[in-house]
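Presented below is the structure to which this report refers.
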Amino acid sequence: MELETVSHDFASAMNDKHTDMIYSVEPGRKYNRIVQENKSWGGRSVHAFVERATGKLVKSAGWKAPQKTSTGELAYRFDISTLEGLEAAVEASDRHGGYLYQR
């Protein structure tokens, strides 16, 4: 998969799975922000970030930054740069991002 398109591929797959939300991509310098918008009342929030250089899906720490571990590394569980990784992330996904917590 092309690293330039993995964020859009993920958002598209999430739109297909979770039909009550609208997922979109806001590009950034290091990370693409995956934004979810509730169809019924329009509230927007960050669902996750995708590291542009690697295609790793990272839990959000807030609107501007991804979550990092206590050692300062990115807290990711899925590498969506491959088709298998993308499918695994979408299969495990929920609307609230709980599947992104490290276990």
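Coordinate-derived values only; no laboratory data. All of these numbers come straight from a predicted model, not from anything done at the bench. Neighbour counts run over all protein chains shown; Cβ positions are idealised from the backbone, glycine included.
Counting other Cβ atoms within 10 Å as a rough exposure proxy, the listed residues Ser40, Ser93, Ser45, Ser24 run Ser40, Ser45, Ser24, Ser93 from fewest neighbours to most.
Per-residue 3J(HN,Hα) values for the stretch 6-14, derived from phi via the Karplus relation 6.51 cos²θ - 1.76 cosθ + 1.60 with θ = phi - 60°, read 4, 5, 5, 4, 5, 4, 5, 5, 5 Hz in sequence order (x marks Gly and Pro). For the stretch 1-48, applying the loop criterion from DSSP together with a ceiling of 15 other beta carbons within 10 Å to the trypsin sites (Lys or Arg not before Pro) yields Arg29, Lys30, Lys39. Based on the alpha-carbon gyration tensor of the stretch 6-93 and its eigenvalue square roots a ≥ b ≥ c, which shape applies: rounded if a/c is under 1.5, prolate if not and a/b is larger than b/c, or oblate? Note, shape of the stretch 6-93 comes out oblate.
Taking a sphere under 15 Å around the Cβ of Lys30 and counting the other residues whose Cβ falls inside, with K and R at +1 and D and E at -1, yields a net charge of +2.
Counting other Cβ atoms within 10 Å of each Cβ, which chymotrypsin sites (Phe, Trp or Tyr not before Pro) in the stretch 1-95 have at most 14 and sit in a DSSP loop?
Qualifying residues, ordered by number: Trp41, Trp63.
Loop-located GluC sites (Glu not before Pro) across the chain with a Cβ neighbour count of 14 or fewer within 10 Å are Glu2, Glu4, Glu73, with loop assigned by DSSP.
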